[in-house]
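Student: Could you have a look at this structure, given as structure tokens, before my questions?
The values are calculated or read from the model by the stated rules, or taken from the named source; none is laboratory data. It should be emphasised that the depicted structure is a prediction, and the values quoted were computed from it without experimental measurement. Reconstructed Cβ throughout: ideal geometry from the backbone, glycine too, with neighbour counts over all protein chains shown.
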Amino acid sequence: MIPYLDLKRVTDSFEPGLSKALENAVKSGWYIRGKECERFEKAFAKYCGTEYCIGVANGLEALTLIFKAYIQMGRLNRGDFVVVPANTYIASVLSISEAGLVPLLTDPDTQTLNLSVEGVKRVWNPQVKAILAVDLYGRAIPGKELSEFAKIHDLILVEDAAQGHGAVENHKRAGSFGDAAGFSFYPGKNLGALGDAGAVTTSDAELAKTIRALANYGSEQKYVNLFKGMNSRLDELQAAILSLKLPRLDSDNAKRSQIAKRYMKYISNPLVTLPSPGKPGEHVWHIFAIRTSYRKALQEYLTHSGVGTLIHYPIPPHRQSAYGELGELYFPIAEEIADTELSLPLYPQMTEDEISKVIEAVNAFHL
Ligand SMILES: *Cc1c(COP(=O)(O)O)cnc(C)c1O
């Protein structure tokens, strides 16, 4: 069986350094907000090309904290609308509601499957104060276009970079496209911890300072609370792991890209639509998303052929009971993606043999 993702293999590929880094962090005697967190924050901000990085507990809270901080700063008000693509993972939408803002869903571009300026324009109204664009499947958002549009209309552009670590668009890296970005380091992401972890990147000093306080009970100085904050911190063990893994992110993404190139070149089946690759570096292939009208049959066929697959995502946010409040909404593109998407295994530690087997299995599928 070729697993969809073999996390043990990913982790083993970082040994013996990983265990050593963990041992050092354990023996340091300091576990929250220490040297390891600071070291990773500096390295990751530099990598993304932003002034600041704030380590937090997970990706959802990274995004939520950005919105809460803008409210605290008076840049957003409760009830303001935030445009978000209808085909995203539900965490993007949850971060908006959690901060007391209102998600305004819109269909993505049919080629990139990402939010486009067109998509924003389709739903824009004067109550819209921000955009949350998502580097979905690892493909960079059209950062330049979106930030130009945001500037003209005085909107805040937030990037959900949870799937985009290292993606490049217009000489900028994911995390630096908008006013602020939220990252997840959930174990399966392109840069993954061994547990939950996340970060905010931004070049806005006031935002960075506000988020740092909000994520630490709303305090800058111990026992002095400026805001009603939360507890969302990156621990020293996860930070040590992330610092060890970060230097290999680019070469791991290059390996992902090599595998994607082979899939694009050799998968040839009239029943299957391949993803659109974008310019070099634009896609870091967190997910290799094919589409087919015969998804159930293909997924079963691949399982029988020993190829593990997943669906990202079978039910779009506006069809979830959690968002019943949004009423009857219809997004043809998002719904088409939810009905036809199938993700093939793609991670740097796959063997040549496994890659070939995936290609052969997809090509052998017929009705
Ligand atoms: C993983 C993910 C998140 C949430 O990250 P967590 O660390 O699991 O909270 C948010 N948005 C997208 C697009 C994701 O893929």
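Student: Can you find a residue that is more than 16 Å from the ligand (Cβ to nearest atom), closer than 18 Å to A133 by Cβ, surrounded by fewer than 23 Cβ atoms within 10 Å (Cβ to Cβ) and not hydroxyl-bearing (S, T, Y) anywhere in segment 254-261? Reasoning before the result, please.
Tutor: Applying the first criterion (more than 16 Å from the ligand (Cβ to nearest atom)) to segment 254-261 yields 254-255, 257-261.
With the extra rule that they be closer than 18 Å to A133 by Cβ, the set shrinks to none.
No, that holds for no residue.
Student: Given (1) surrounded by fewer than 19 Cβ atoms within 10 Å (Cβ to Cβ); (2) in contact (Cβ under 8 Å) with a residue 40 or more places away in the chain, where does I156 come up short, assuming only one miss?
Tutor: (1)
Student: Considering only residues that are closer than 12 Å to R295 by Cβ and among the polar types (S, T, N, Q), which ones fall in segment 338-353?
Tutor: Narrowing segment 338-353 to residues closer than 12 Å to R295 by Cβ: 338-343.
Matches in segment 338-353: T340, S343.
Student: Here's another thing I want to ask about it. Filter segment 65-95 for residues that are part of a helix (DSSP H, G or I) and crowded, with 24+ Cβ neighbours inside 10 Å and give the result. It would help to see each step written out before you state the result.
Tutor: Pass one, segment 65-95, residues part of a helix (DSSP H, G or I): 65-72, 90-95.
Residues satisfying the conditions are L65, I66, F67, K68, A69, Y70, S92, V93, S95.
Student: Picking from G188, G182, G166, which residue would you name as being within 13 Å of the chain's Cα centre (by Cα), under 21 Å from D204 (Cα atoms) and not in a strand (DSSP E or B)?
Tutor: G166
Student: Another question about this same structure. From the residues in segment 47-64 that are small (G, A, S), outside any loop (DSSP other than H, G, I, E, B) and within 9 Å of the ligand (Cβ to nearest atom), which one is surrounded by the most Cβ atoms within 10 Å (Cβ to Cβ)?
Tutor: So the first thing to find is which residues in segment 47-64 are small (G, A, S), and the list is 49, 55, 57, 59, 62.
Cutting the leftovers down to outside any loop (DSSP other than H, G, I, E, B) gives us 55, 59, 62.
With the extra rule that they be within 9 Å of the ligand (Cβ to nearest atom), the set shrinks to 59, 62.
Values: G59: 27, A62: 32.
The extreme case among them is A62.
Student: Determine whether segment 252-272 contains at least one residue that is in a helix (DSSP H, G or I) and within 18 Å of A62 (Cβ to Cβ).
Tutor: no
Student: Still on this model: With the condition kept exactly as written, say whether any residue in segment 220-230 is surrounded by fewer than 20 Cβ atoms within 10 Å (Cβ to Cβ) and under 19 Å from A45 (Cα atoms). Give the steps one after another, and end with the answer.
Tutor: Our first condition is that a residue be surrounded by fewer than 20 Cβ atoms within 10 Å (Cβ to Cβ); within segment 220-230, this holds for 220-228, 230.
When the remaining residues are screened for being under 19 Å from A45 (Cα atoms), the result is none.
No, because not a single residue in segment 220-230 is surrounded by fewer than 20 Cβ atoms within 10 Å (Cβ to Cβ) and under 19 Å from A45 (Cα atoms).
Student: Of all the residues that make up segment 18-46, how many are among the hydrophobic types (A, V, I, L, M, F, W, C) and in a loop (DSSP other than H, G, I, E, B)?
Tutor: Step one: list which residues in segment 18-46 are among the hydrophobic types (A, V, I, L, M, F, W, C), which gives 18, 21-22, 25-26, 30, 32, 37, 40, 43-45.
With the extra rule that they be in a loop (DSSP other than H, G, I, E, B), the set shrinks to 30.
Looking only at that region, the number is 1.
Student: Right, another one. Take the conditions within 16 Å of the ligand (Cβ to nearest atom), in the same structural domain as A199 (by the TED database) and of a type in the set (D, E) and apply them to E118. Does it pass? Outline the logic, then answer.
Tutor: Values: within 16 Å of the ligand (Cβ to nearest atom): no; in the same structural domain as A199 (by the TED database): yes; of a type in the set (D, E): yes.
It is false that E118 is within 16 Å of the ligand (Cβ to nearest atom), in the same structural domain as A199 (by the TED database) and of a type in the set (D, E).
Student: A further question follows. Mind checking which pairs have a first residue in segment 34-51 that is within 10 Å of L234 (Cβ to Cβ) and a second that is surrounded by fewer than 16 Cβ atoms within 10 Å (Cβ to Cβ), Cβ under 9 Å, 6 or more apart or different chains?
Tutor: Listed by first residue and then by second, the contacts come to E36/N24; E36/S28; E36/W30.
Student: If you scan segment 118-128, which residues turn out to be part of a helix (DSSP H, G or I) and surrounded by fewer than 17 Cβ atoms within 10 Å (Cβ to Cβ)? Break it down into steps so the answer makes sense when it comes.
Tutor: Initially, segment 118-128 is screened for residues part of a helix (DSSP H, G or I), giving 118-123.
The answer is E118, K121, R122, V123.
Student: Give the residue that is farthest from the ligand (Cβ to nearest atom), with candidates limited to residues of segment 196-225 that are in a loop (DSSP other than H, G, I, E, B) and touching a helix residue (DSSP H, G or I) at 6+ places or on another chain (Cβ under 6 Å).
Tutor: Residues of segment 196-225 in a loop (DSSP other than H, G, I, E, B): 196-197, 203-204, 215, 217-218, 222-223.
Then drop every residue that is not touching a helix residue (DSSP H, G or I) at 6+ places or on another chain (Cβ under 6 Å), which leaves 197, 215.
Values: A197: 7, A215: 14 Å.
Here the residue is A215.
Student: Just to be sure, is G175 at pLDDT 95 or above, within 16 Å of the ligand (Cβ to nearest atom) and touching a Cys at 6+ places or on another chain (Cβ under 7 Å)? Walk me through how you get there before you give the answer.
Tutor: Working: at pLDDT 95 or above: yes; within 16 Å of the ligand (Cβ to nearest atom): yes; touching a Cys at 6+ places or on another chain (Cβ under 7 Å): yes.
Yes, satisfied.
Student: Consider segment 123-169. How many of its residues are within 16 Å of the ligand (Cβ to nearest atom) and either among the basic types (K, R) or outside the structural domain of G188 (by the TED database) (or both)?
Tutor: 1
Student: I would also like to ask the following. When segment 340-356 is examined, which residues are found to be within 23 Å of D12 (Cα to Cα) and among the charged types (D, E, K, R)?
Tutor: Within segment 340-356, E352, D353, E354 qualify.
Student: Let me ask something else about it. Tell me the residue from L94, L105 that is more than 24 Å from L207 (Cβ to Cβ), within 16 Å of the ligand (Cβ to nearest atom) and among the hydrophobic types (A, V, I, L, M, F, W, C), please.
Tutor: On the way: L94 fails: more than 24 Å from L207 (Cβ to Cβ).
Of the residues listed, the single one that is more than 24 Å from L207 (Cβ to Cβ), within 16 Å of the ligand (Cβ to nearest atom) and among the hydrophobic types (A, V, I, L, M, F, W, C) is L105.
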